Every structure is written in C-alpha cells, then in structure tokens.
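The values are calculated or read from the model by the stated rules, or taken from the named source; none is laboratory data. Bear in mind the structure is a predicted one, so any value in this text is a computation, not a measurement. Reconstructed Cβ throughout: ideal geometry from the backbone, glycine too, with neighbour counts over all protein chains shown.
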Amino acid sequence: MSFGRILVVDDDPQIRRVMKATLVGHSYEVMEARTGEEALERLPQEMPNLVLLDMNMPGMGGLETCRAIRAGSDIPVIILSVRNTEKDKVAALDAGADDYVTKPFGIEELLARIRAALRRSSSPEGGPRGFSSPDLEIDFDTRRVHANGKDVRLTPKEFELLRHLVTHAGKPVSHRELLQAVWGPDYGDEPEYLRVFINQVRKKIEANPAKPKYILTEPWVGYRFAAE
C-alpha cells in the first residue's frame, strides 16, 4: 500500500538517495529530479501527490521552481533549506510553498510535515456548506470560490484556511487554532505562515485587500471572518 507519490527535487545525489530510501521505507513512492527544470518536465508525466523541493539549486532555484509549479498546479510543495530566517520562510511561502523545513531535520519531523501537507480535510460535520453574498460565493462541496465577478483558484491550504474561518464566522479564531486546524497538531508557533496565507487569500477574495471586508485581523489574537 502506498501512502502517496513524492517527487524529490535536489541537485545532491546523496541527499536524493537517502531521501528515497527513507520515504520508500515508509511506504511512499518516490521519483527524483536533479534540477528545477527537470522537475517541471516530470510533474505532468509522473503526477506526484507532493513535491519536496530544495531551495538552493544551481540554475532554476527552488523559489523560481515553486512559482512555476504553483502557476499551473495546486500540488503541495514543501521547501527544504539550510536557511532558517523568517525572511527566507516568508519568501518560500510567498512563492507558493505549503511548508518550509530547515536542514538538518529529523525524519519523523519530515514525515509529519508530509502527512500534514497531504491531508485533505473534509467539511466539518454540521458546518456550513458554503457562504453567499453579492460579491463572494463559496461552495465547500465543490471547492468553488467566486469573488468580485470571477472564479478564484485557491490552493488546498488556502481553501482549508478560508473554510475554517467561515465555519467560525463572526468569532475570533486564534493563531494557534488556525495553524493546528490547517497544518496539523504539530504546528502553533509559525505566525509567519498565517500572515502570508491570509494575505494571499485576501488578494484573491477581497475587493480591496488593504481594507478587507471579510477576513479581519483581531490584534494579538488571530483572525475573524465577517459574514454580512
């Protein structure tokens, strides 16, 4: 039984070998790419469920590759990097990554991040089936979002974030609750994730992202979805 297909993108052959052996040992199917260019060629052929992408590669770097992947696909992308600054993490998330793991990392940590990235939560039992207003339509069953007169494509993580906020419409939702609901129980201390993803969702659904109508900031607490 396979838990999923993973494309490992790294220019270091030793790292690819270790990653492949480890992931195969935990019931994942593994494909490899040495460069960002090769990864983009293999994606439509191999149809992986997730991409593990090294940030620092010659030629097309990890961020550029991530942007190219995200331009045409919602596949989960986890960036791997030796850099550990908030600036680097935010840059990766801005490029479309779902998560960011700093090298060196423990295999259990990486496996937990992979499980979280592959998770596709279903609509909460008893929760709303959608949301409707003159300028925003959300259908949780079909995962369709229509905002300001046009269809909007959200990544899986963006959609889960929006769904959790709508489910608790009118109530402040804390940073920790949002992180754990969308990324998993091992999260809670990554506020930079929320800042980036909230900004991305606002750009897609708000008529004026600088003065949001729906996704409001609750200072020192979290965020609130304001239903009309």
Every residue in the stretch 180-220 that is β-branched (V, I, T) and under 30 Å from L111 (Cα atoms), please. V182, V196, I198, V201
From the list I79, I75, I138, I114, which one is in a loop (DSSP other than H, G, I, E, B) and of a type in the set (A, V, I, L, M, F, W, C)? I75
Looking at (1) of a type outside the set (A, V, I, L, M, F, W, C); (2) touching a residue at least 60 places away in the same chain (Cβ under 8 Å); (3) under 26 Å from N49 (Cα atoms), find the lone condition where D135 falls short. (3)
I'd like the full set of residues that are among the acidic types (D, E), in a helix (DSSP H, G or I) and surrounded by 17 or more Cβ atoms within 10 Å (Cβ to Cβ), limited to the stretch 10-56. E38
Cβ-Cβ under 6 Å pairs, at least 6 apart or on other chains, the stretch 142-166 side in the same structural domain as N208 (by TED's automatic domain parsing) and over 20 Å from E177 (Cα atoms), far side among the basic types (K, R) and surrounded by 15 or more Cβ atoms within 10 Å (Cβ to Cβ): V152/K204
Cross-chain or 6+ apart pairs with Cβ under 9 Å, the stretch 47-73 first and within 22 Å of S2 (Cβ to Cβ), then among the aromatic types (F, W, Y): N49/F3; N49/Y28; L50/Y28
Counting only residues in the stretch 128-148 that are modelled with pLDDT of 90 or more and of a type in the set (S, T, N, Q), the one farthest from the chain's Cα centre (by Cα) is identified as S133
Answer yes or no: is there a residue in the stretch 156-176 that is modelled with pLDDT under 90, in a loop (DSSP other than H, G, I, E, B) and not β-branched (V, I, T). no
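Just to be sure, is G184 at pLDDT 90 or above and either surrounded by 18 or more Cβ atoms within 10 Å (Cβ to Cβ) or outside the structural domain of G25 (by TED's automatic domain parsing) (or both)? Steps first, please.
On the way: at pLDDT 90 or above: no; either surrounded by 18 or more Cβ atoms within 10 Å (Cβ to Cβ) or outside the structural domain of G25 (by TED's automatic domain parsing) (or both): yes.
Against the criterion (at pLDDT 90 or above and either surrounded by 18 or more Cβ atoms within 10 Å (Cβ to Cβ) or outside the structural domain of G25 (by TED's automatic domain parsing) (or both)), G184 does not qualify.
Which of the following residues is in a helix (DSSP H, G or I) and either out of contact with any strand residue (DSSP E or B) (no Cβ under 7 Å at 6 or more places or on another chain) or at pLDDT 95 or above (or both): E125, E192?
Working: E125 fails: in a helix (DSSP H, G or I).
When all the criteria are applied, what remains is E192.
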Look through R83, R70 and report the one residue that is surrounded by fewer than 17 Cβ atoms within 10 Å (Cβ to Cβ), charged (D, E, K, R) and under 22 Å from G106 (Cβ atoms). R83
Only one of these conditions is not met by K89: (1) assigned to a helix (DSSP H, G or I); (2) in contact with a Pro (Cβ under 9 Å, 6 or more places away or on another chain). Which number is it? (2)
Of those in the stretch 195-228 that are out of contact with any strand residue (DSSP E or B) (no Cβ under 8 Å at 6 or more places or on another chain) and part of a helix (DSSP H, G or I), the residue surrounded by the most Cβ atoms within 10 Å (Cβ to Cβ) is F197
